[in-house]
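*Asks:* Dropping the structure in here first, questions after.
Just so it is clear, none of the values below were taken in a lab; they were calculated from the coordinates. Because the structure is predicted, anything quoted here is derived from the model rather than measured. As a convention, Cβ positions derive from the backbone with ideal geometry for all residues, glycine included, and neighbour counts pool all protein chains shown.
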Amino acid sequence: MDDLEKLQEIANNLTKQASNIESVFQGKVFKQLHNYYDNLKDKSNLSIEERERLNDLGKKAFSKDHENKQKSCFINNDECNGKMNAHSIQRKGQLSKLMGVVDGKEQVLQFIENPKTLIKELKPIDIKKASTFYGFCHKHDQIFEPIDQNTFTSSKQEHFLYSFRSFAFSYHNVKSFQDYTSNLVEDLSNAISPIIDSLTSFDLGIANELNRTKNSSISNEQQELLKLVRFEKYRNFLIEYEKNKTYAQLEYLTYEANYLCPIACSSWMVMHSTVGVNFIINQSDSTPYYGYPILISVLPNAENKTTIVLARFKCNPESQFIFKELNNLKKESKKFEEEISKLIVEKTENFYLQPNFWNYLDEREKDIIMNGKNSDKTVFPEKRTEFEMINFFDKKFKLK
């Protein structure tokens with residue numbers, strides 16, 4: 001076989017195997033991306049505008065594809081059944097308190113990342129979609145009936161259930177992204193392997209390099225690391241606590257404003273314990289340190305008040321220093337409110353603001369919130385980024 005025939009055979013094999021890669025990116029969400037690419041006249045010499053358009057369409061397609069594939073029940077056992085859907089903040093009873101009419105629609109405001117600039121922007125979102133996540137099946141979403149159907153009575157069960165749901169939301173966001181990325185890597189690896197096999201079947205002198213490229217699947221060690229990042233052991237603790245009704249395994253810190261504040265939140269905050277200027281790090285070679293999950297719920301309630309519920313896992317004695325500091329701040333309400341406002345903006349994603357509140361702020365006050373959300377954070381060991389923040393719980397912002 002001469003060189004020309006060999007190259008032709010390689011080309012034919014590659015064309016045949018390339019369809020495997022295309023199959024990874026099929027579906028309605030990729031249709032606009034495919035159509036735009038197919039209609040480009042000179043695919044080998046794209047303009048800056050064409051590259052930016054392809055990049056923008058690609059980000060939107062992958063984001064939508066991830067959204068469509070992120071359904072996974074937090075409990076994940078043999079009892080799971082029914083439609084996957086849940087709210088981290090009750091829409092009818094709590095988010096409705098923050099509702100405003102934007103462009104004729106009932107909406108609240110949420111920070112959403114701009115796929116082009118990667119800057120988080122405050123955007124209106126339909127109240128029916130706000131705080132929705134596909135993290136509980138119909139069966140296990142019933143766990144939260146005591147807080148979805150009753151008024152807030154400050155019982156340990158209610159504190160636990162609010163905190164449970166706050167953890168579940170953040171856990172689900174992290175895990176669904178991890179699963180999507182892992183599956184995408186696996187699918188691409190499976191699609192590329194036949195192409196590499198085709199190339200290595202010819203004596204091109206690059207077999208070793210190509211075979212190294214094939215080993216791109218997620219290893220067991222990497223899977224274990226992903227579990228640590230998403231606090232898998234704490235998920236197991238919460239499932240056990242709920243099953244056994246041992247709500248006191250969490251320590252709670254509560255605070256109430258006697259009026260409606262323009263904010264609601266349900267999330268974890270990854271925090272670090274300090275004594276003076278030193279960080280308390282409980283770490284071993286087998287268990288890398290990723291901080292401690294502190295659970296936060298900020299809830300407008302039926303009595304037209306706003307309740308803050310913070311929770312920590314008692315199995316982490318180091319996190320009691322965080323609660324000690326916050327309890328000390330509670331002695332001066334304004335300082336506590338300012339600190340919680342900072343923590344929400346800096347460390348959580350799942351919070352919502354009332355549109356009229358935002359319209360009430362002047363440009364400087366809006367900039368403070370926007371800059372706080374988008375300010376650079378120092379890498380581990382994390383030092384609190386000190387910045388000015390609007391106090392969302394200030395009485396001057398109370399809702400009518």
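*Asks:* Take the Cβ-Cβ distance between S96 and V270 as r, set R0 to 30 Å, and report the resulting FRET efficiency rounded to the nearest 0.05.
*Replies:* It comes out at approximately 0.50.
*Asks:* Now for a separate question. Please arrange C265, C80, C73, C315 by counting, for each residue, the other beta carbons lying within 10 Å of its beta carbon, fewest first.
*Replies:* C315, C80, C73, C265
*Asks:* What FRET efficiency, computed as 1/(1 + (r/R0)^6) with R0 = 45 Å and r the Cβ-Cβ distance, is obtained for E232 and D42, rounded to the nearest 0.05?
*Replies:* That pair, E232 with D42, gives E of 0.40.
*Asks:* While we're here: Cross-link candidates for K59: which lysines have Cα within less than 18 Å, leaving aside residues fewer than 8 places away along the same chain?
*Replies:* K28, K31, K69, K116, K120
*Asks:* My understanding is that a pair violates if its Cα-Cα distance is over 22 Å; which of K105/K396; K128/K373; K330/K396; K129/K156; K128/K245 do that in this structure?
*Replies:* With Cα atoms farther than 22 Å apart: K105/K396; K128/K373; K129/K156; K128/K245.
*Asks:* Taking neighbour Cβ counts within 10 Å as the exposure measure, how do V102, V270, V108 sort from fewest upward?
*Replies:* Going from least to most buried by this count: V270, V102, V108.
*Asks:* Another question, then. Report the extension gain between K31 and E50 in nm, rounded to one decimal, defined as 0.36 nm multiplied by the number of residues separating them, less their alpha carbon distance.
*Replies:* Between K31 and E50, full extension yields an extra 5.2 nm.
*Asks:* Return T306, T254, T348 ranked ascending by Cβ neighbour count within 10 Å, so the fewest neighbours appear first.
*Replies:* By the 10 Å Cβ count, ascending: T254, T348, T306.
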